[in-house]
Structures are given as structure tokens and as C-alpha cells.
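First comes the structure, then the notes that go with it.
What follows is calculated from the coordinates using simple rules that are stated; it is not laboratory data. None of the values given here were measured: they were computed from a predicted structure. So basically every Cβ, Gly included, is an ideal-geometry build from the backbone, and we count neighbours across all protein chains shown.
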Amino acid sequence: MKAAAAQSRIGGVFLAFVLVHAAGSGVAQASPVTIEISGVEGEAHKNVLAWLDDGTEIESALAARFFRDRARQRVLDALMAVGYYQPEVDIQLSQEADTWTLQVAIEPGNRVSLREFRWQLLGDGDNDAELLDLLDELPLRPGEGLHHGNYDQSKSALRNLAQSRGYFDHEFTTSRLAINPDQGWADIDWVFATGPRYALGEVEFSAVPFQAQFLDRLVPFQPGTPYTSEAVVDLNQRLLESGYFSDVVVTTRRDAATDGQVPIQAELETRERNTVLTGAGYSTDEGPRVRVGFTRHYVNNRGHQFNTDLRLSDLRQTVSARYTVPLADPLRDQLTFDVGLEDEAIDGNRSERALLGVGRRLTFQSGWTRTQTVQLLEEKFRVGLDEGRARLLLPGLSFARTRSRGGLDPDWGDYQSYELQLASRQVLSDIDIARLQITQTWLRSINERHRFQLRAQWGGIATNNFSDVPLSLRFFAGGDQSVRGFGFRSLGPRDASGEVTGGRYLAIGSMEYSHALQSGWRAAVFADAGNAFNRLEDMEVEVGTGFGLRWNTPVGPLRIDLAWGVSREDVPIRLHLSIGPPF
């Protein structure tokens, strides 16, 4: 009993000491720790520092001793993780003023190297090219230093790849890492059983107002196709890009697999059926402008769409409508029916036109889009002193591709477009005409600061009577997207009254360099050159140069340019404003 009482008194004194010390520590000033490591470099130095530098601050002598003792074990663990199993470590902890310094002196000894890496694949994946390629590329090469992080990451990489390729029952039947620190070698033995490879099954859609046949056309694979996670991700992306759904969740139902096929579940939330778009803007080409648009995202359960668009500016008033029918691949293959009215008055030129059209738009895996159209154009126009009316049945073919990187303000990309239109007096047309237009824009960057943009446009018209070519098909130059320093459509052949009448041909080139400033701003300098003309020998190359600013906005870069028409003395400095992506 006396001994028990004595032990109780001693325990109480010790507890009181700890409590008093803890209370004192609560108000002590915490001091940072500086870590100095010698004796190792590179990967070993980096790993030791990562294990030690955990943001610890020392508040007392007792905490300092605890930190020093813990640091020794951490250094040993950090060195072992990169293959140093027999190091000698000396640790000193000292204090000067308010700073503690931990000095770690290391003699790492010889590093354990990988002697052999033996592996075997069993099951359906024993000849899977992607699994074999991964095993060949793993950072587990004989002769290199042992790295436990690489070893663990390699096992995870093999498991993850097998999972993504449909080997859901995979397992390591043998996974052995043998290490002999005294002789400095390590051997790896793996036997990886992939099990069977599952196939993609039927896609089960949640209740949405579309026919099953239409939804099936949105699926990028056939049931029975070997499973890949990329196919599931692609399905998710296609459903989102279709424009019919506001939310998409695609999951793999492994628990419901039958006959080696895994059903795919797509939970869909249909977007609002109708959308009204309104907007206002300004450009130096057209002045203030407003837009009102209406879209019915799905007219029926076959995914047909309808939209109308009204655009008004001082120079141009347009109303148009389009009905879209998705074909075999609703995202890449579409049939369109178009109708539109447009009234345009620019300087002394005037055009009133109506358009009916049908087209097919097909996008290939390469990113190129082929558009085939047949348009019926009825246009009444006045060009300078001449007036005319034309009816043309215009079959057309175009190829275009846009590539970009960087969202609405890309730092890399290009746009290419080739368009051909034809008409013949023998097929419901007043004139014979062949019209070709080519547009190229290239954007490249050197790191994040230097950006270069090249732009070129070429066009040509072959016809039996150019004076009967309607205004909308002629070529003009000048303006924000053409030759800056000159007014919108102010360049081209002129008639006796001095009005620009448009040309048979078009040739424009542009070079621009921009330099990054701060907070989304860039400074730019540029030079544009070109013109519209009727004969090559009559071409007068007009040149505009200038400088400007680019500001990144949520709807694309705002471009503010001051430009001079340096090829003419009578052209004043012009301000050019435009907004939107470069392509």
C-alpha cells in the first residue's frame, strides 16, 4: 500500500510537471528551423529535404530534442527510399537568436542497384501491346539505382492501365522485391494475371424525350467492342457536345456484366428546350450593332433543331433561319435548310437579297469539315452608277479546318478555308460564274511573351459578264479584318463616279507581332497589304501599318488598333476596334 501511494505521488508530480510545461509552451515563441544537408546531392538531397522540411517550428528545448530524434529516423527513411540502405548520419541541432539550425551530415555509402527485373503476363492480356509497351517503359531498369517510389508507381501504373483496358479481374499473383544491402543489389519478380478482357455492352440511357435510335447514333462504339476507358470518356464528351443535355454522367456497371460485356449507364438531364439570345456590340467596320436569336434545341424526338437570327447595324440588316437534321453521326454529319433576307448599304452601294439553301456538313476525324451546298440567290443591287438584278442557282463546296490551343485567347492555332461556288445560265442562273476564295490564318508563339500571326486571303471570279455579278459575290478590301488603315470595303476598282465597285480578284496579306504585358494585356505592331482588282496588271497594293493593344476578355481578345494607310498621303489615321477569337 505504501509503495502504491508513493508511486501515485510520483505520478502526480510528473503529471503536474508536464501540465506546467505544456502551459508554458502554449505561450512560448515558436522559432523556425533552418535545414542544412551535406554529403548528398541530386535526388537523395531532394528527398531528405522533403522528408525533413515539414514546416515545424520549435517552441522549447524539449520540443527541440524530440525534433532532432525524429529527424534522424526521417533521414534514414528518406535515404532508404532512394536505395541507400547503409548510410552514416550525424545530426546537430543548434539555436542562434530566434532561429534553430538542423545540420545533417551524411555519408550515404553504396547505393543498392536493380540487378534483375523479371515479369510475366498471364490471361487475355498476355499479348496486349499497350501493356507490353508500358512494361518496357517503366523506370525499373537493371543497373539503375533502386527507387521505392518508382517501384510503387510502376505497380500502380500497370494496375491502372489494365483497369482502363477492361481487365477488371487483374491481380499480382507474384510481387516480390528482394534486396541485399550488403551486396548492393535488388531483384524484382512480377507475375501479373490480367484475367479476361471485358467488352463494352449496351448503353442504357435515362428517360429523355428522344428516340432510342437517335440516342444510339450518339454512341461512338458498338456493343462487343473491347473495353477502353477512353471510349467511355468519348461517349460522355459527345453527349455533352451534342447540345441536347445540360448534365451528363456516364458510368460503367461492372456489377451487371454478362457474357463478358459491361453495360454502360448514361444519366442525362435534358437542357432547356428553347433559348433566346440577345446581344449588342460595336466595331469600326459596321458601327453599333444588335442581335436577337432564338434556338429550339430539339424540335422532335429525332433531335431536329431550329434557330432564327436577327442582326441589325447601320450598314446591314439581316434575318435568317435554319432547320438542322442530324444524320448518321449527329455531331459530325448534318443536313441543313436555310432561308435569309439581307439589306445592305455601304457608301454608294446597295444590295437587297434573298437566299434559299440546302447543305450537308460533314466533319472528319482529321478536323476538316466538308460543306456541300445548293443555294438559290435572288439579289437586286446598285453598284456605283450601275443597277442590276441577278438570280443564281449556286452549287458550292468548301473545306475548312480550325485548330487552336488556349481557349478564347489562343497562343497557337491555324484556320484554313477553301470555298468554290458555281453557276450556269443553263441551270436557272442569269450568268455563268465560278468563284473561288481561300483564307489562311496562322498563329504561333515563342514562350508566353512573343506571339506571331500571319493572315492571307485570295479570291477570284471567272464569269462571262462581270457587270452582272451581284454585289454580295464581288471582292472588296479594307477594314478591321482586311487592310487596316483604310475604311471598311473602301479598296477596290472604282467607276467614273469614284465609287468602289468591287473586283474580280482579291489578294491580302498581314503580319502581326504582339508582346505580353501585364494582367491580360498585349502590345501589338502590324502591317497589312493588298487590294481587290480586276486585272493583275491593274493591281495597286495598298499598305497599312500601325500598333495596338490586345486585352483578354471573357468573350475573346478586344483589339484596339491605330493604323495608317502609308501607301496614300490622303488617308487619315484610323481607329480599329473589334472583339472575339482570331479564328
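Would you please classify the overall shape of segment 364-497 from the alpha carbon gyration tensor, given that a ≥ b ≥ c denote the square roots of the eigenvalues, rounded means a/c under 1.5, and beyond that prolate means a/b larger than b/c while oblate covers the rest?
Working: a/c = 3.41, a/b = 1.57, b/c = 2.17.
Oblate shape, in that a/c is at least 1.5 and b/c is the bigger or equal ratio.
Starting with the fewest neighbours, write out His576, His45 ranked by other beta-carbon atoms found within 10 Å of each beta-carbon.
His45, His576
What number, in percent, do you get for the relative contact order of the chain if the mean sequence gap of Cα pairs under 8 Å and at least 6 apart is divided by its residue count?
Computed over the chain, the figure is 6 percent.
So if I place +1 on the C-beta of Lys and Arg and -1 on the C-beta of Asp and Glu, and nothing else carries charge, what would the dipole magnitude of the chain be about its Cα centre? I want it in debye, nearest 20.
With only Lys, Arg, Asp and Glu charged at Cβ, the dipole is about 1120 debye.
To the nearest 0.05, how large is the calculated FRET efficiency for Leu362 and Arg302 if R₀ is 22 Å and r is the Cβ-Cβ distance?
Efficiency at R0 = 22 Å is approximately 0.75.
Scale the Cα Rg of segment 274-579 by the rule-of-thumb value 2.2 N^0.38 Å and send over the ratio, two decimals.
It is 1.05.
Could you work out the helix-only [θ] at 222 nm for the chain, with each DSSP H run of four or more residues adding -39,500 (n - 2.57) and the total divided by the number of residues, to the nearest 500 deg cm²/dmol?
Taken over the chain, the calculation gives -5500 deg cm²/dmol.
In the chain, with Lys and Arg counted as +1 and Asp and Glu as -1 at Cβ, which of these residues, Thr373, Pro554, His148, has the Cα nearest the positive end of the dipole, that is, farthest along it?
Of the candidates, Thr373 comes out farthest on the positive side.
Could you tell me how many degrees, from 0 to 90 and to the nearest 10, lie between the Cα long axis of helix 42-52 and the main elongation axis, the longest principal axis, of the Cα atoms of the chain?
With both axes taken from Cα atoms, the answer is about 70 degrees.
For Asp309 and Leu428 in one chain, what is 0.36 nm times their gap in residues minus the Cα-Cα distance, to one decimal in nm?
Taking 0.36 nm per residue and subtracting the Cα distance, the gain is 40.0 nm.
Mind checking the dipole of segment 488-565: about its Cα centre, +1 per Lys or Arg Cβ, -1 per Asp or Glu Cβ, Debye to the nearest 20?
360
Can you give me the angle between helix 61-81 and the longest principal axis of the chain, using Cα atoms only, in degrees from 0 to 90, rounded to the nearest 10?
Helix 61-81 sits roughly 70 degrees off the main axis of the chain.
How much length is gained if the chain between Leu558 and Glu241 is pulled fully straight, taking 0.36 nm per residue apart and subtracting their Cα-Cα distance, in nm to one decimal? Spell out each step's value before the answer.
Working: separation 317, 0.36 × 317 = 114.12 nm, distance 2.69 nm.
Contour length minus Cα-Cα distance gives 111.4 nm.
What is the fewest-to-most order of Asp414, Asp329 by other Cβ atoms lying within 10 Å of their Cβ?
Working: Asp414 17, Asp329 14.
Least to most surrounded, the residues fall as Asp329, Asp414.
If Lys and Arg each add +1 and Asp and Glu each add -1, what is the summed charge of the other residues whose beta carbon sits under 13 Å from the beta carbon of Ile179? Write out the running numbers ahead of the final one.
Values: positive: Arg111, Arg115, Arg176; negative: Glu116, Asp182, Asp187, Asp189.
Its environment carries a net charge of -1.
When ranked by the protection proxy of mean other Cβ atoms within 10 Å per residue, highest first, what sequence do the peptides 163-170, 92-99, 142-149, 538-545 form?
Per-residue mean Cβ counts within 10 Å order the peptides as 163-170, 538-545, 142-149, 92-99.
Determine, from the Cβ-Cβ distance of Met539 and Leu134 and an R0 of 51 Å, the FRET efficiency 1/(1 + (r/R0)^6), rounded to the nearest 0.05.
0.30
Any idea what the relative contact order of segment 274-579 is, in percent, if you count C-alpha pairs under 8 Å spaced at least 6 apart?
11
Apply the Karplus curve 6.51 cos²θ - 1.76 cosθ + 1.60, θ = phi - 60°, to the phi angles in segment 192-203 and return the couplings in whole Hz, x for Gly and Pro.
With the stated coefficients, segment 192-203 comes to 10, 8, 6, x, x, 9, 7, 10, 6, x, 5, 8 Hz.
Could you please rank Tyr323, Tyr151, placing first whichever residue has the fewest other Cβ atoms within 10 Å of its Cβ?
Numbers: Tyr323 16, Tyr151 20.
Going from sparsest to densest Cβ surroundings: Tyr323, Tyr151.
Can you order the peptides 558-567, 247-256 by their average number of other Cβ atoms within 10 Å per residue, highest first?
558-567, 247-256
Quick check for me: using +1 on Lys/Arg Cβ and -1 on Asp/Glu Cβ, what's the dipole size of segment 164-208 about its Cα centre, in debye to the nearest 20?
100
Give, in nm to one decimal, the length gained when the segment between Gln372 and Gln211 is fully stretched (0.36 nm per residue of separation minus the Cα-Cα distance). Please report the intermediate quantities before stating the final value.
Details: separation 161, 0.36 × 161 = 57.96 nm, distance 2.77 nm.
Between Gln372 and Gln211, full extension yields 55.2 nm more.
Label points 7 Å out from Cα along the Cβ direction at Lys380 and Arg403: separation in nm?
4.8
Compute the long axis of helix 229-241 from its Cα atoms, compare it with the longest principal axis of the Cα atoms of the chain, and write down the angle in degrees, 0 to 90, nearest 10.
In the chain, helix 229-241 runs at an angle near 40 degrees to the longest axis.
Relative contact order for segment 159-227 using alpha-carbon pairs under 8 Å, separation at least 6, rounded to a whole percent?
33
Segment 285-344 to segment 169-215: how many Å between their Cα centroids?
47
What do the square roots of 5 times the Cα gyration tensor eigenvalues come to for the chain, in whole Å, largest first, as semi-axes of the equivalent ellipsoid?
They are 69, 35, 25 Å, listed from largest to smallest.
With a point put 7 Å past each Cα toward its Cβ, work out how far Ile579 is from Arg253 in nm, to one decimal.
About 4.8 nm separates the two model spin labels.
Short version: ³J(HN,Hα) in whole Hz for each residue of segment 253-265, in order, from phi by Karplus 6.51 cos²θ - 1.76 cosθ + 1.60 (θ = phi - 60°), x for Gly and Pro, what are they?
Rounded to whole hertz, the list is 9, 5, 5, 9, 5, 9, 6, x, 10, 9, x, 10, 9.
Obtain the nm distance between the two label points defined at Leu62 and Glu202 by a simple spin-label model: each point lies 7 Å from its Cα along the Cα-to-C-beta direction.
Going by the 7 Å Cα→Cβ label model, 7.0 nm.
Report, in whole Å, the centroid distance computed from the Cα atoms of segment 363-421 and segment 107-142.
54
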